């Protein structure tokens, strides 16, 4: 499938998913409408102390190879559909993309999503209908409020180098917000064996801000080290994504690209078995 067809198919399927009964409640975010429910069957695979958890091993993700794009989907997206993996709370998309040099996503639309892009390797060139043109590299985070509607393109900025990126979508706290764009560079030293704030709902915080009660943190945790985290907002859930390395949360072992969803808890602790790069997403569950 060529890029144009892929994008057309992705947009069509995304629209269909947004309208589907399984996501009907999740697509409505105003105070008068029913909020989204937890995006799995609520029968966790493991229980850790008082926490409820769901384990998503790396090899359970959806996968597509389009030649120029190799992608893994933690939740239903494009041609990957799993009724028990539609979303986790307001977390709707977590795509792990590898993009060949000089290729990328042509101009395409979004609306009513908070879109967060985290480069892991290489550089991504962004242009949008708001007039923004920028390149984001590893160590930076980009956010967009799609709101009433935007169009943008994303291309690997290097002709001869592969790029690797995480793209994350979350339902906003309200629909039809004014579109906006922001990006920020982060000090790698500030995530050594500690949580570094990347995203929050507060413009005055050190991270980039979004229109949802999301707090994203990352850490580079050395082997043998442990780190605790306490929720910013009671009732939120946690989705922990192992970018690299190997670690444990309670009795659950996590390896590269594994994920663990947690809810009904106020805190947790992670222990690194190997040097590990970890992304932690705190998200509203309803």
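Here, each number is a calculation from the coordinates, and none is a lab measurement. Because the structure is predicted, anything quoted here is derived from the model rather than measured. Here the Cβ is made from the backbone with ideal geometry for all residues, glycine too, and neighbour counts use every protein chain on show.
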statement: Each label sits 7 Å from Cα toward the beta-carbon; between residue 269 and residue 148 the label points are separated, in nm, by 5.1 nm
query: What's the FRET efficiency of residue 187 with residue 253 using the Cβ-Cβ distance as r and R₀ = 25 Å, to the nearest 0.05?
result: 0.25
Inter-probe distance in nm under a simple model that places probes 7 Å from Cα toward Cβ, at residue 58 and residue 107: 3.8 nm
message: Using a Förster radius of 35 Å, what is the FRET efficiency between residue 226 and residue 161 based on their Cβ-Cβ separation? Nearest 0.05, please.
response: 0.50
query: What nm distance separates the two modelled labels at residue 66 and residue 194, each placed 7 Å from Cα along Cα→Cβ?
result: 4.0 nm
- request: Compute the Kirkwood hydrodynamic radius of region 62-190, taking the inverse of the mean of 1/r over all pairs of distinct Cα atoms, and give it in Å to one decimal.
  value: 15.1 Å
message: If I take R0 = 45 Å and measure r between the Cβ atoms of residue 129 and residue 246 in this structure, what FRET efficiency does the formula 1/(1 + (r/R0)^6) give, to the nearest 0.05?
response: 0.60
